[in-house]
Amino acid sequence: MIVSTWDFGAAANAAAFARIKAGGSLLDAVEAGAMVPEADPTNHSVGFGGYPDREGYVTLDAIIMDDRGNVGAVAALEDFAHPISVARRVMEKTPHTMLVGAGAHQFALEQGFSRTKLLTPEAEAAWREWLRTSQYKPVANSENQRGSALDHDTIGILACGTDGRLAGACTTSGMAFKLRGRIGDSPQSGCGLLVEAGVGGATATGVGEEVTRIAGSARVVSSMRAGMSPMAACREAVTHIARLRGDAVKDAQVAFLAIDRRGEVGAYALQPGFTYAVTDTDGHTRVSAAESLKGAPRAR
Ligand code: SD4
């Protein structure tokens, strides 16, 4: 089973599924899946074509992990189109779990990755337009509204083998027009992503600060460890954020997607509009709308 966030998860799942069919591991699969939106210039907040920070720099965050505590991540990485692959090298070639900024950049070069200009003319134009007002107001569900000024399209992808083994990846350029140096939940283990052998995995999307405050994915996995279903665990984490943050999150989107070791999938969001893609063991994909605290899912 492969699950991933938002409508564009369907294309990522297809790449991940193909990788497994070709004999790849679960890690190979989630990396291949994450690379799809990273390479897509119409996706304005993963990899190439991502919206920049408010200084005009595209900075990328990514994490990859298996279910045995092997983790690699990069944050605030510039000039490389596939941060997920650099994150995997951090996991496999260093004793560390995360490299950031200039050090991550140097490491990527040393590992043989080629530099790429990430700021596309379209993203630059959106940034210049944003500079006219410089208003920072994240828009809920902009992931599914291509071209909106505050587009942000994180992909979190989880794969569960027929033997219950798990792997996950999460990659993003973060919130559009963020402060320079800002790092969200996505590359932080236990925030944007966590997978644990014998339990399951969870990933998050939406306003990363709200996820980081509660170590959201770790919370979802803990709830599943304690016996909750993936859906109940996601709902518990969202409810906790709403209770904790009140009015501060009234217009924000935060969503969790989880899978347990048996392949049961669940998701829950703060606002309606969060969608996720599920690919089953036969390779069939469906995109579903998650239930939310603030109302019914939008009809699809
Ligand atoms: C972040 N959580 O950097 C990411 C953004 C995101 O869909 O998920 N966008 O805060």
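Which condition number in (1) surrounded by fewer than 24 Cβ atoms within 10 Å (Cβ to Cβ); (2) aromatic (Phe, Trp, Tyr); (3) modelled with pLDDT of 95 or more is the one that Phe8 fails?
Failing condition for Phe8: (3).
Please enumerate the residues belonging to region 2-46 that are on the phi > 0 side of the Ramachandran plot and more than 12 Å from the chain's Cα centre (by Cα).
Initial filter on region 2-46 (on the phi > 0 side of the Ramachandran plot): 6, 23.
Matches in region 2-46: Gly23 only.
Could you say whether any residue in region 77-89 is within 16 Å of Leu118 (Cβ to Cβ) and part of a strand (DSSP E or B)?
For region 77-89, residues within 16 Å of Leu118 (Cβ to Cβ) and part of a strand (DSSP E or B): present.
List the pairs whose first member sits in region 60-75 and is over 15 Å from Phe107 (Cα atoms), whose second member is among the aromatic types (Phe, Trp, Tyr), and whose Cβ atoms are under 8 Å apart, counting only residues at least 6 apart or on separate chains?
From region 60-75, no pairs qualify.
Taking region 81-107 as the region of interest, how many residues are under 19 Å from Leu27 (Cα atoms), among the aliphatic types (A, V, I, L, M) and free of Cβ contacts under 8 Å to residues at least 60 places away in the same chain?
4
The values are calculated or read from the model by the stated rules, or taken from the named source; none is laboratory data. What you see is a predicted model, and the numbers here were worked out from it, not measured in a lab. Positions of Cβ are generated from backbone atoms using ideal geometry, with glycine treated the same way; all protein chains shown enter the neighbour counts.
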